[in-house]
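Just so you know, all these numbers are worked out from the coordinates, no wet-lab data involved. All of these numbers come straight from a predicted model, not from anything done at the bench.
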Amino acid sequence: MPKEPDFVPEDTRTDQALELAGVASAAIPWLGGPLSAVLGGISFGRKIDRVKDVVDDIVADLHEFRSDVSEKYFQTDEFQDLLEATLRRASEERSEEKRKIYRDFVVAAIRRPGESYDDQLRVLRTLEELSPDHLRLLAALAQDPGWPTSSLGVGSPSQTLSKRLGGIPRYRLEELVADLNARRLSNLQSLHTTMTAHGAEDLRHAITALGRKVLEARPRGLKAPTF
């Protein structure tokens, strides 16, 4: 049997990209222009389906969203550059869960315009280096302990995080914390130190300013960790 071609002709790829932009524009007119400009100038090849999934999810998330400030931001070169950089990364990402991270990064940028392009690009580059497990750990650090002021007892940050992350092994927790510290997303040093329940359960102070910005772009529906 003849081997099927492992490529998509250039004309077909362009048609697919423009069709995708047209569908998005029909659903959200103000988003169509930037998408057309970006998708019309990039060749994603066989990876266009990955981009389509991300764009479809962005459209679904923003279907009822309206903001004059955001709509003006969409027309800027900065937003189009950021959108292009994000979709390029999504097209190269095989993990569906990681592609959702890129989807939510774009949605967060649209819903909350105002960050400088350099800051947003730094967050995007950081997200590229992180795994979903890193983001789960950041979310666990950010969790409100929810205890009353009269809460007593002792514990350790490692016990708190292990509970919040479904029993993560000690070695894996140490690896993830070291990674976040090295990337200046957290500054948690006393992981296994015994302390008061208040100190062990309230770990929000361990997240850096960059870590908080990365958290804003994390997917809302990360699956349960599988360690």
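For Ser186, what residues show an amide H to amide H distance below 5 Å, using hydrogens built from the backbone and excluding near sequence neighbours?
Asn181, Thr208
Given contacts defined as C-alpha pairs under 8 Å and at least six residues apart, what's the relative contact order of segment 132-216, whole-number percent?
About 44 percent, as a whole number.
Full-extension gain between Arg66 and Thr196, please, as 0.36 nm times their residue separation minus the C-alpha to C-alpha distance. The partial results should precede the final answer.
Numbers: separation 130, 0.36 × 130 = 46.80 nm, distance 4.60 nm.
Here the answer is 42.2 nm.
When 1/r is averaged over all different Cα pairs and the result inverted, which Kirkwood radius in Å belongs to segment 55-108?
For segment 55-108, inverting the mean 1/r across all distinct Cα pairs yields 11.9 Å.
If you split all Cα-Cα distances of segment 132-216 into 10 Å bins from zero, what percentages do you get per bin, shortest first?
Once binned at 10 Å, the Cα pair distances of segment 132-216 give 18, 55, 24, 2.
Grab the eigenvalues of the alpha-carbon gyration tensor for segment 88-141, scale each by 5, take roots, and send me the semi-axes largest first in whole angstrom.
So the equivalent ellipsoid measures 18, 15, 11 Å along its semi-axes.
Given the pairs Lys47/Lys72; Lys100/Lys213; Lys72/Lys98; Lys47/Lys100, which span a C-alpha to C-alpha distance of over 23 angstrom in this model?
Working: Lys47/Lys72 30 Å; Lys100/Lys213 17 Å; Lys72/Lys98 28 Å; Lys47/Lys100 15 Å.
Checking Cα-Cα distances, Lys47/Lys72; Lys72/Lys98 exceed 23 Å.
Which three extents, in angstrom, do the Cα atoms of segment 78-187 have along their principal axes, listed largest first?
52, 30, 23
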